[in-house]
Amino acid sequence: MLSALFSPSLLAQERLDAVTIKLNWQHQFQFAGYYAALEKGFYRELGLAVDIIPGDEQTPCENLLETHFCTATGSLIERRLAGAPLVALASIIQHSPIALATLSSSNMTTPHDLIGKRIESHIGDLAQAEIIAMFLNEAVSDASVEHYNNSPGIEKLINGDIDAALIYTTNEPFLLDQEKIQYTLIHPRSYGIDFYGDVLYTSNEQLRKYPERVRNFREASLKGWRYAFDNQEEIVDLILSKYSTDKSRQHLLAEAKAIEALTLPKLIELGHMNSGRWESMADTLVALNLAKPDYSLDGFIYEPNIPDAYSQMLKGLSIAASLLMILVIAICNSRLSNEINQRKALENELANTKQTALNNASTDELSGLNNRREFFQLGDTAINLSNRHKTPVGIISIDIDDFKTLNDRFGHGIGDETIKILSEILTENTRTTDIHGRIGAEQFAILLPQTSPRSTEMVAQKLRTAIDNIKIEISPTSNANYSYLEFTACFGVSSIRHEVSDSIKTLMRRADEALSEAKKTGPNKVVLN
């Protein structure tokens with residue numbers, strides 16, 4: 001009897017530190033890492049007995065001395081800037097899944113298309129900063145759209161009660177696909193707003209009083225997330241068997257893949273956070289008048305490797321002994337330092353040579369744009385993403401009018417200068433996110449992600465006008481007595497068609513067909529296909 005009372009297992013259970021984590025939504029794969037850490041004993045291994053409590057966005061963690069850990073979206077930064085003493089421990093989802101969904105039949109593909117439309121931009125009467133900031137970045141005023149509260153599900157969008165639904169790309173796209181509904185996603189990230197997704201956090205008080213508990217909980221949770229991503233089907237079955245969920249197995253598996261795509265666990269260290277990214281998010285809130293410009297993020301981002309007071313004391317005691325050793329080593333290192341500097345110089349030279357070779361392999365030397373091969377490779381990636389997320393993409397094929405005649409009149413030197421000037425016009429009048437390439441001698445192309453057919457045509461007309469207005473002073477040659485160089489170009493415009501699963505080649509082919517028609521009826525013309 002006494003041996004049973006004092007068995008190691010019972011004593012171990014008594015020593016477990018009981019903690020709770022409150023989720024910001026109901027049970028689903030969004031919190032798979034915490035389920036895995038509990039089920040696989042990762043918490044117990046570090047002395048923790050964890051209780052997982054489901055929640056919702058309308059009931060955030062407030063009393064963090066009773067609820068020890070919580071999860072939230074990247075908008076956690078807004079609460080911190082408002083004065084809440086919170087500490088971000090780890091960002092699990094690196095990119096926010098928040099987006100707007102529209103029906104493809106509406107042809108609403110950009111924020112500008114939503115002017116005057118009914119938009120879900122609020123959750124529980126709270127404006128979603130990412131959505132509002134996206135409109136701000138695109139110079140769409142807050143008053144120019146009708147704001148609505150978010151309703152779970154897709155019924156209001158399907159029924160036409162709203163024009164754009166606030167959705168999570170980890171959830172609603174599955175429902176839309178199940179209903180075989182064609183839709184378009186408008187991502188804030190495509191317009192320069194890149195918030196973190198789910199974040200694990202605690203309070204300053206918790207971290208100050210129980211640093212080891214915080215460190216252990218974070219470590220076990222991240223271990224759980226690694227396991228969850230490596231064993232997605234097992235964890236989905238765990239969710240279905242042990243946690244209440246309204247989602248089917250197929251839906252949970254789709255959610256798992258979508259979360260993995262936003263987390264990139266094989267490329268980015270799980271839990272990674274960047275102070276510059278948090279500052280950028282804070283600056284966005286300041287621009288929206290949701291935070292004061294004199295904010296401070298000191299202590300907000302958890303530093304797991306900061307030593308505790310005892311370690312710092314030991315470090316201080318060792319400094320004196322270390323100084324003597326450093327002095328001796330410094331003398332020995334003097335000679336070695338010269339060798340290292342020589343080696344670094346050689347390595348830098350080799351690196352520069354390698355980078356030059358890489359640039360030469362992907363860049364057209366004369367124009368400075370992507371060469372044909374690189375343009376199609378980058379375009380292939382952009383088109384695949386567009387087909388996956390149902391986002392718009394436009395393409396413009398460009399050809400200089402009568403380029404051979406221009407070369408004959410002015411000489412190849414002026415022809416080369418024309419190529420350079422045109423390249424500058426193309427890059428200066430488009431976005432850095434657009435993909436530019438020199439496809440042939442006088443042919444160029446631009447791929448425009450997140451751009452509707454109407455906007456693509458407007459860009460082409462803008463470029464046509466810019467080129468038409470060019471007047472460059474040149475020195476007369478023996479072949480021609482001209483003081484100024486003027487030239488025009490024709491443009492073929494097309495846009496992606498998701499219903500036929502366009503590739504970069506099929507999209508380019510349609511643009512080239514439009515370009516051919518423009519040259520027949522041109523010069524100086526834009527034709528759509």
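The single residue among 224, 153 that is within 30 Å of residue 36 (Cβ to Cβ) and touching a Phe, Trp or Tyr at 6+ places or on another chain (Cβ under 8 Å) turns out to be 224. Just give me the residues in the stretch 484-501 being buried (at least 16 other Cβ atoms within 10 Å of the Cβ), closer than 12 Å to residue 387 by Cα and at pLDDT below 90, in sequence order. The answer is 498, and nothing else.
Of everything in the stretch 88-140, what is of a type in the set (D, E, K, R), under 21 Å from residue 495 (Cβ atoms) and buried (at least 19 other Cβ atoms within 10 Å of the Cβ)? Give them in sequence order. Show your work before the answer.
At the first step, the residues of the stretch 88-140 found to be of a type in the set (D, E, K, R) are 113, 117-118, 120, 125, 130, 138.
Subset that is under 21 Å from residue 495 (Cβ atoms): 113, 117, 138.
Hit for the stretch 88-140 is 113, nothing else.
Tell me yes or no: at least one residue of the stretch 280-290 is touching a residue at least 12 places away in the same chain (Cβ under 8 Å) and either under 20 Å from residue 45 (Cα atoms) or among the basic types (Lys, Arg) (or both). Scanning the stretch 280-290, I find no residue that is touching a residue at least 12 places away in the same chain (Cβ under 8 Å) and either under 20 Å from residue 45 (Cα atoms) or among the basic types (Lys, Arg) (or both), so the answer is no.
Would you point out which residue out of 122, 95, 112 is more than 18 Å from residue 185 (Cβ to Cβ) and either in contact with a Leu (Cβ under 7 Å, 6 or more places away or on another chain) or not in a loop (DSSP other than H, G, I, E, B) (or both)? Lay out the reasoning, then the answer.
Values: 95 fails: more than 18 Å from residue 185 (Cβ to Cβ); 112 fails: more than 18 Å from residue 185 (Cβ to Cβ).
From the options 122, 95, 112, the qualifying one is 122.
The criterion of at least 3 residues that are crowded, with 23+ Cβ neighbours inside 10 Å and among the small types (Gly, Ala, Ser) is met by the following helices (runs of 4 or more DSSP H) wholly inside the stretch 162-257: 211-230. Note on the stretch 429-445: residues that are in contact with a helix residue (DSSP H, G or I) (Cβ under 6 Å, 6 or more places away or on another chain) and within 11 Å of residue 364 (Cβ to Cβ) total 3. Being touching a residue at least 60 places away in the same chain (Cβ under 8 Å), outside any helix (DSSP H, G or I) and either touching a Lys or Arg at 6+ places or on another chain (Cβ under 7 Å) or surrounded by fewer than 21 Cβ atoms within 10 Å (Cβ to Cβ) (or both) is the filter here, so list the residues in the stretch 366-393 that pass it. Scanning the stretch 366-393 gives 366, 367, 369, 371, 390. Only one entry in 135, 174 is on the phi < 0 side of the Ramachandran plot, in contact with a Phe, Trp or Tyr (Cβ under 9 Å, 6 or more places away or on another chain) and not assigned by TED's automatic domain parsing to the domain that holds residue 264, namely 135.
Taking the stretch 42-56 as the search range and keeping residues that are within 33 Å of the chain's Cα centre (by Cα) and farther than 14 Å from residue 26 by Cα, which one is surrounded by the most Cβ atoms within 10 Å (Cβ to Cβ)? Steps first, please.
At the first step, the residues of the stretch 42-56 found to be within 33 Å of the chain's Cα centre (by Cα) are 42-43, 50-56.
Pick out the ones that are also farther than 14 Å from residue 26 by Cα and you get 42-43, 50-51.
Details: 42: 23, 43: 25, 50: 22, 51: 12.
So, considering only residues that are within 33 Å of the chain's Cα centre (by Cα) and farther than 14 Å from residue 26 by Cα, the one surrounded by the most Cβ atoms within 10 Å (Cβ to Cβ) is 43.
Across the stretch 27-56, the qualifying residues are those that are small (Gly, Ala, Ser) and outside any helix (DSSP H, G or I), and the one among them that is nearest to residue 93 (Cα to Cα) is 55. Kindly establish whether residue 302 is of a type in the set (Ser, Thr, Tyr) and crowded, with 18+ Cβ neighbours inside 10 Å. The answer is yes for residue 302. For the stretch 426-457, a residue qualifies if it is crowded, with 16+ Cβ neighbours inside 10 Å and among the hydrophobic types (A, V, I, L, M, F, W, C), and the qualifying residues are 426, 435, 439, 444, 445, 446, 447, 448. Per the conditions (1) modelled with pLDDT of 95 or more; (2) closer than 24 Å to residue 70 by Cα, the sole criterion not satisfied by residue 203 is (1). Among the residues of the stretch 492-517, those that are over 30 Å from the mean Cα position of the chain (by Cα) and in contact (Cβ under 8 Å) with a residue 60 or more places away in the chain comprise 492, 512, 514, 515.
Here are 396, 340, 331, 414: which of them is at pLDDT 85 or above and either farther than 30 Å from residue 257 by Cβ or not in a helix (DSSP H, G or I) (or both)?
Values: 340 fails: at pLDDT 85 or above; 331 fails: at pLDDT 85 or above; 414 fails: at pLDDT 85 or above.
Every option except 396 fails the conditions.
Would a scan of the stretch 142-157 turn up a residue that is in contact (Cβ under 8 Å) with a residue 60 or more places away in the chain and among the charged types (D, E, K, R)?
Checking the stretch 142-157: not a single residue is in contact (Cβ under 8 Å) with a residue 60 or more places away in the chain and among the charged types (D, E, K, R).
The values are calculated or read from the model by the stated rules, or taken from the named source; none is laboratory data. Every value quoted in this text rests on a predicted model; they were computed, and no experiment measured them. Positions of Cβ are backbone-derived with ideal geometry, glycine not excepted, and every protein chain shown enters the neighbour counts.
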